[in-house]
Amino acid sequence: MEKNMERGLKCLVDQKEYDLVDGVFLKDLDGSLRALIRRDYPKAADNQFICSEHLVQYRVKKMDQMIAKDYRQNDKLTRKLTRVMENDAYQVIDVREQLEHSLTFGQKIADGVAHFGGSWAFILSFIGIMIFWILLNIFHWFGVHFDPYPFILLNLFLSMVAAIQAPLIMMSQNRSSEYDRMESRNDYQVNQKSEEEIRVLHSKIDHLIQQDQPNLLQIQKIQTEMLGSIESQVSELRRLQQYFEEENKK
């Protein structure tokens, strides 16, 4: 015990003499912590001694650097995500509402004809009219006989209806195609914006997993080492106290 008390080790920082239990050698420190000390003392060798007081300061400095680095990275990702979410270069629009407001009178008629022409109401009513037309001209109801068999006037009427209805239906289909194209472009823009936001969120989550958590574990390790160092010093002080008490009793 007396030999340990008489042994003096100079601290690398303040050049004062300390007992062996009051510090550690640089070779016993973590590589990153040793590199941090060598920034201030480039010529420091691995066998040099640093006292616990200054070692605690360097450990706190290392934790501060790690925390500041995490804060900077998180702040950078947060600003990037904010810019993406606040980017108003593209506004999500209601395609159907926009098309309805831009419809002309002719386009509305074409849509109405296409809608009615593709319904059961049109089919049943058209079949009913043709049957009535045929029966009227066969049995001469009400003395009417304006289109005898083979119903040439009916064929002409059907041809006219088909000739008029076909382009109107095509106009409506073109409107539907235009709606589909606008809807696709709108979906593409929405998906592109969502993808960019998701990419930034993934970067933030990856940073939390790959950087923040290891840094937190490293900080906990440093804190544990600091507590262990304090515990060792307290134990050594207790042994010294017992030693002096025994010496006083003698």
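With no solvent and one equal point scatterer per Cα, compute the Debye intensity ratio I(q)/I(0) for the stretch 95-204 at 0.10, 0.14, 0.23 Å⁻¹ and report its log10, rounded to two decimals. Evaluating at q = 0.10, 0.14, 0.23 Å⁻¹ gives log10 I(q)/I(0) of -0.53, -0.76, -1.19. You can think of it this way: the chain between Gln241 and Asp187 has 11.7 nm of extra reach, that is 0.36 nm per residue less the Cα-Cα gap.
For Leu156, the solvent-accessible surface with a 1.4 Å probe is about 100 Å², rounded to the nearest 10.
Dipole magnitude for the stretch 95-204: computed about the Cα centre from +1 point charges on Lys and Arg Cβ and -1 point charges on Asp and Glu Cβ, it is near 20 debye. Spin-label model, Ala68/Leu103: points 7 Å from Cα along the beta carbon direction are separated by 6.5 nm.
Please compute the contact order of the stretch 95-204 in relative form: average sequence separation of alpha-carbon pairs under 8 Å and at least six residues apart, divided by the residue count, as a percent.
About 37 percent, as a whole number.
Taking amide H as placed 1.01 Å from N in the peptide plane, Tyr18 has its amide H under 5 Å from the amide H of Leu9, Lys10, Cys11, each at least 5 places away in sequence or on another chain. Residues whose amide H falls under 5 Å from that of Gln48, counting only those 5 or more places apart or on a different chain, are Leu26, Lys27, with hydrogens built in the peptide plane. Ordered from longest to shortest, the equivalent ellipsoid semi-axes for the stretch 101-151 are 35, 12, 8 Å, each the square root of 5 times a Cα gyration tensor eigenvalue.
For the stretch 9-84, dividing the convex hull volume of the Cα atoms by the residue count gives 90 Å³ per residue.
Taking amide H as placed 1.01 Å from N in the peptide plane, the amide H of Gly23 sits under 5 Å from that of Ser52, each at least 5 places away or on another chain.
The values are calculated or read from the model by the stated rules, or taken from the named source; none is laboratory data. Keep in mind the model is a prediction, meaning the values are calculated, not measured. Counting neighbours? That spans all protein chains shown, and the Cβs are built from the backbone with ideal geometry, glycine included. Note: accessible area is taken over every heavy atom of the protein model, side chains too, but ligands, DNA and RNA are not part of it. Shrake-Rupley method; radii C 1.70, N 1.55, O 1.52, S 1.80 Å.
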